[in-house]
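The values are calculated or read from the model by the stated rules, or taken from the named source; none is laboratory data. Predicted model only: the values in this text are computed from it and were never measured. Every residue, glycine as well, gets a Cβ built from its backbone with ideal geometry; the counts of neighbours run over all protein chains shown.
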Amino acid sequence: MEPLLGPGDGEMAAVEVREHPPITADANGKEQAAAPAVPIAVNDPHMTRAQREALIALRRDHVAEWQTDLEQLPHFNPAYPYDIAHEYDLDWTTDPDYSHDAVTRLELNEDGTVSPETPKNRFLNVAMLTTLLAALGRRVVLEPRLHFGPEQGAAAGLYTKLRKPSIQVEPDLAVLVPGTVLSDHQIWDTSYDIDVAAGHPVPALVGELLSNSTAARDLGGKRRLYEHLGIAEYVLCDVLGGLLNPEAPDAPPGMVVYRLEDGIYRESRVAGTDPAVFRSDVFGGLVRLLPPRDPVQARQDFRFQWWDEAQRYWRDTRTDEEREREQAEQERTQAEQERTLLAVALLEAQVGSMLPPADLDRITTHWHRHGPPDNVQDRILHVRQAPHAWQSLLRPDKPNHDHGPDHTPPPRGR
């Protein structure tokens, strides 16, 4: 049997899994087998798939010892169906459904090694949330805890390795029913509870960001669960590519939206248009996942968008911000151009006949390129009263004789 690594300080210490535990003696001197060490958290960067299976088998054979160690955790929840396929430590776990404020969630890759960080696209998750908030109001929540009865977990086929049905999952985001108004704390704190077993309304929409370790479950058991709970829409985003369809591993990143029809999820892809466009009743229109514009910034630049029929453009928070900046810049440029035209017109009307034509051209060219002085009106009026001072008041400090095609001043109108 290959060695496994158990929890410890710093580097994990090697713990050998023995077929036959060592023999010890009880208080009466009678020989008995000592209980083997059954680690509840193993983080071995070199763990193989075979070692992972051996660890699960060890826990299955010694559930009582494993359970006893779990109960020592300060965040232990006696109602939660812990899974021998996952790791539970003081401050981290690999169980995608286990949630506690003091616990960070890591992931297991296909070989059973704990990932140092979740590969999910946190940027897209937050971007989707802010877009949903802008479009639908304060009824969107990040990573809520969705509680349900064990019979609903069983109906969806969500079980632990010990065949205990799941009683909670944690979607990446959820849109609650209309009329809900959440505080900032409720939206962002990732500890918002939706307990349908206690009669809470089911969300109107849930969203999941697929990763290599969660895609099969998101597309299988969790999809069946959301169907069974009656959640109207289910949005799945694949930013890695090849996860939405196991038969197309080379497929590009994308999204799918399922709408509940007669108790069954069906794709809401809009026929005859861009295949990336879906219809959403929750949004009351069309939605899409816009791929990155810059491959270097791919993880930061996926955009979940909705079609604004009134304004006739695809919207998301970042696009709205970009349009606002562009509009503000256009308005600033237009205001500067108008100010320049007024200044040139005033110059020509008030003192144009007093200045040599070449100098007048030089001044107006400079103003068209760089803008007139802030106090241009006062300067012009001063020149009218004291013509001899025109050079110090109006002439640019460094005359610019560049008359390139992009900077040719408009006619003076004289």
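Give the residue, chosen from VAL239, VAL270, VAL202, that is of a type outside the set (Gly, Ala, Ser) and either over 19 Å from VAL287 (Cβ atoms) or modelled with pLDDT of 95 or more (or both). I'd like the intermediate steps shown before the answer.
Numbers: VAL239 fails: either over 19 Å from VAL287 (Cβ atoms) or modelled with pLDDT of 95 or more (or both); VAL270 fails: either over 19 Å from VAL287 (Cβ atoms) or modelled with pLDDT of 95 or more (or both).
Being of a type outside the set (Gly, Ala, Ser) and either over 19 Å from VAL287 (Cβ atoms) or modelled with pLDDT of 95 or more (or both) holds for just one of VAL239, VAL270, VAL202, which is VAL202.
Given the criteria on the phi < 0 side of the Ramachandran plot, modelled with pLDDT under 90, in contact with an Asp or Glu (Cβ under 6 Å, 6 or more places away or on another chain) and not aliphatic (A, V, I, L, M), does ARG412 qualify?
On the way: on the phi < 0 side of the Ramachandran plot: yes; modelled with pLDDT under 90: yes; in contact with an Asp or Glu (Cβ under 6 Å, 6 or more places away or on another chain): yes; not aliphatic (A, V, I, L, M): yes.
In short, yes.
Could you list all residues from region 229-266 that are surrounded by 17 or more Cβ atoms within 10 Å (Cβ to Cβ) and more than 25 Å from ARG293 (Cβ to Cβ)?
LEU229, ILE231, ALA232, GLU233, TYR234, TYR258, ARG259, LEU260, TYR265
Given the criteria buried (at least 19 other Cβ atoms within 10 Å of the Cβ) and under 23 Å from LEU209 (Cβ atoms), does VAL175 qualify?
Numbers: buried (at least 19 other Cβ atoms within 10 Å of the Cβ): yes; under 23 Å from LEU209 (Cβ atoms): yes.
Yes.
Per-residue answers, yes or no, for (1) outside the structural domain of SER166 (by TED's automatic domain parsing); (2) closer than 22 Å to THR160 by Cα; (3) part of a loop (DSSP other than H, G, I, E, B):
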residue	(1), (2), (3)
PRO78	yes, yes, yes
TYR82	yes, yes, yes
MET128	no, no, no
ARG138	no, no, yes
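Of the numbered conditions (1) in contact with a Lys or Arg (Cβ under 7 Å, 6 or more places away or on another chain); (2) not hydrophobic (A, V, I, L, M, F, W, C); (3) not assigned by TED's automatic domain parsing to the domain that holds ASP361, ARG293 fails exactly one; give the number of that condition.
Just one mismatch for ARG293, condition (1).
Pick from GLU247, GLU261: which is free of Cβ contacts under 8 Å to residues at least 12 places away in the same chain and either under 18 Å from SER280 (Cβ atoms) or touching a Gly at 6+ places or on another chain (Cβ under 9 Å) (or both)? Show your work before the answer.
On the way: GLU247 fails: either under 18 Å from SER280 (Cβ atoms) or touching a Gly at 6+ places or on another chain (Cβ under 9 Å) (or both).
When all the criteria are applied, what remains is GLU261.
Whether any residue in region 293-301 is of a type in the set (Val, Ile, Thr), farther than 30 Å from ARG49 by Cβ and surrounded by 11 or more Cβ atoms within 10 Å (Cβ to Cβ) is what I want to check. Spell out how you get there, then give the answer.
Of all residues in region 293-301, those of a type in the set (Val, Ile, Thr) come to 296.
This time we only want the ones that are farther than 30 Å from ARG49 by Cβ, so: 296.
With surrounded by 11 or more Cβ atoms within 10 Å (Cβ to Cβ) added as a condition, the list becomes none.
No, region 293-301 contains no residue that is of a type in the set (Val, Ile, Thr), farther than 30 Å from ARG49 by Cβ and surrounded by 11 or more Cβ atoms within 10 Å (Cβ to Cβ).
Among the residues in region 109-129, are any crowded, with 19+ Cβ neighbours inside 10 Å and at pLDDT 90 or above?
Yes: region 109-129 contains one or more residues that are crowded, with 19+ Cβ neighbours inside 10 Å and at pLDDT 90 or above.
Among the numbered conditions (1) assigned to a helix (DSSP H, G or I); (2) over 30 Å from ALA127 (Cα atoms); (3) touching a residue at least 24 places away in the same chain (Cβ under 8 Å), tell me where SER353 comes up short.
(3)
Collect the residues in region 72-96 that are under 17 Å from GLY153 (Cβ atoms) and hydroxyl-bearing (Ser, Thr, Tyr), keeping them in residue-number order.
Correct list: TYR80, TYR82.
Filter region 63-76 down to the residues that are in a loop (DSSP other than H, G, I, E, B), of a type in the set (A, V, I, L, M, F, W, C) and surrounded by fewer than 16 Cβ atoms within 10 Å (Cβ to Cβ) and list them by number. Steps first, please.
The first filter runs over region 63-76 and keeps only residues in a loop (DSSP other than H, G, I, E, B), leaving 71-76.
Pick out the ones that are also of a type in the set (A, V, I, L, M, F, W, C) and you get 73, 76.
If the condition is that a residue be in a loop (DSSP other than H, G, I, E, B), of a type in the set (A, V, I, L, M, F, W, C) and surrounded by fewer than 16 Cβ atoms within 10 Å (Cβ to Cβ), then PHE76 is the only one that fits.
Give ASP374, ASP378 a once-over and let me know the one that is outside any helix (DSSP H, G or I) and over 30 Å from ASP301 (Cβ atoms).
Details: ASP378 fails: outside any helix (DSSP H, G or I).
From the options ASP374, ASP378, the qualifying one is ASP374.
List pairs: first residue in region 168-190 and in the same structural domain as TYR80 (by TED's automatic domain parsing) and under 9 Å from PRO144 (Cα atoms), second residue surrounded by 15 or more Cβ atoms within 10 Å (Cβ to Cβ) and of a type outside the set (Gly, Ala, Ser) anywhere in the structure, Cβ distance under 7 angstrom, at least six positions apart or on different chains.
Note: no pairs meet the criteria.
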